[in-house]
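Structure first, then comments.
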Amino acid sequence: MLALEHVTKTYNPGTIREMCLFDDFSVQFKKGEFVSIVGSNGSGKTSLLNILCGSIGIEDGHVLMDGRDITREKEFARSRHIGRIHQNPAVGTCASMTLLENLSLADNKDKRMGLRRGTDKTRVDTYREMLRPLDMGLENMLETRAGALSGGQRQALAMVMSIMTPVEYLILDEHTAALDPRAADTIMDMTDRIVKDMQLTAIMVTHNLRYAVQHGTRLLMMHQGDIVMDVQGEEKDATKMDDLLKVFNEISIECGN
């Protein structure tokens, strides 16, 4: 379980731009859930992910992982348990390094690094078998630099790299937003397969309402640092895009837009 308990997060404290986003905010993500999070810009979606991953701190409250308080734990330490895919495909891979070098780096991220070769040729066949199910031909491109890949190929590579060491949680920060529709659908299908096969707990922020409705086991909508909609199970299965648009429109009217 990942959870935020009574969290307070303020941006630009002590300035004229001070803004309290989360005030006594709490949410839990249970083991095995695939949660989609939607909401307008500034609603707190990405801030929520950043707090879970340790990318930003909080003023008050607690971040819990499987009952353990990780509020003060650094981002690199949390990454032993949490894999993260960013919106920009370039973030999760190194453009100047080959696929083999990228995979080798990810393969050793939980090990002590010393003055030894960065790539292990004995792992080449293993890497090829990891890439083959993607059906993108990446298994035959191990000597190609990651910067030469398409956005979809590079995001797929980042997905594989994020789960090469054992993780229990997968954070997806608009990971299809920068892709063309066909590549985005491919990455979403891949996401479903990885989450199911590896029995991960996944938390996905997306602006694509179709993906939010079609994928996952639970759906949250956020607005101004609060959760205004939380559906799961049969209620989630019955939720349509029109239902989400209705809530968005109600919020827009309340805000005077």
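Every number here is computed from the coordinates shown, using simple stated rules; none is lab data. For clarity, every value in this text was computed on a predicted model and none was experimentally measured. Ideal geometry is used to build each Cβ from the backbone, glycine not excepted, and the neighbour counts take in all protein chains shown.
Once the chain from Glu73 to Arg193 is taken as fully extended at 0.36 nm per residue, the excess over their C-alpha distance is 40.2 nm. Between Asp120 and Ala177, the FRET efficiency from the beta-carbon distance, with R0 = 41 Å, is close to 0.75.
When only the Cβ of Lys, Arg, Asp and Glu is charged (+1, +1, -1, -1), the dipole of the stretch 123-241 relative to its Cα centre reaches about 240 debye. Pairs Lys9/Lys240; Lys9/Lys30; Lys45/Lys246: which are spaced more than 21 Å apart, C-alpha to C-alpha? The answer is Lys9/Lys240; Lys9/Lys30. Spin-label model, Val231 to Asn12: label points 7 Å out along the Cα-to-beta-carbon direction sit 3.6 nm apart. Percent of alpha carbon pairs in the chain separated by more than 34 Å? Cα-Cα pairs in the chain separated by more than 34 Å: 21 percent.
Using the Cα centre of the stretch 138-257 as origin and beta-carbon charges of +1 (Lys, Arg) and -1 (Asp, Glu), tell me which of Leu138, His207, Ala178 is placed farthest towards the positive end of the dipole. The residue sitting farthest along the positive end of the dipole is Leu138. Here the contact order of the chain, divided by its residue count and restricted to Cα pairs under 8 Å and six or more residues apart, works out to 26 percent. Quick one: compute the contact order of the stretch 1-113, relative version, from alpha carbon pairs under 8 angstrom and 6+ residues apart, as a percent. Over the stretch 1-113, the number comes to 25 percent. Approximating the spin labels as points 7 Å out from Cα along Cα→Cβ, the Arg80-to-Asn249 distance works out to 5.1 nm. Distance between the 7 Å Cα→Cβ label points at Ala95 and Glu59: 3.8 nm.
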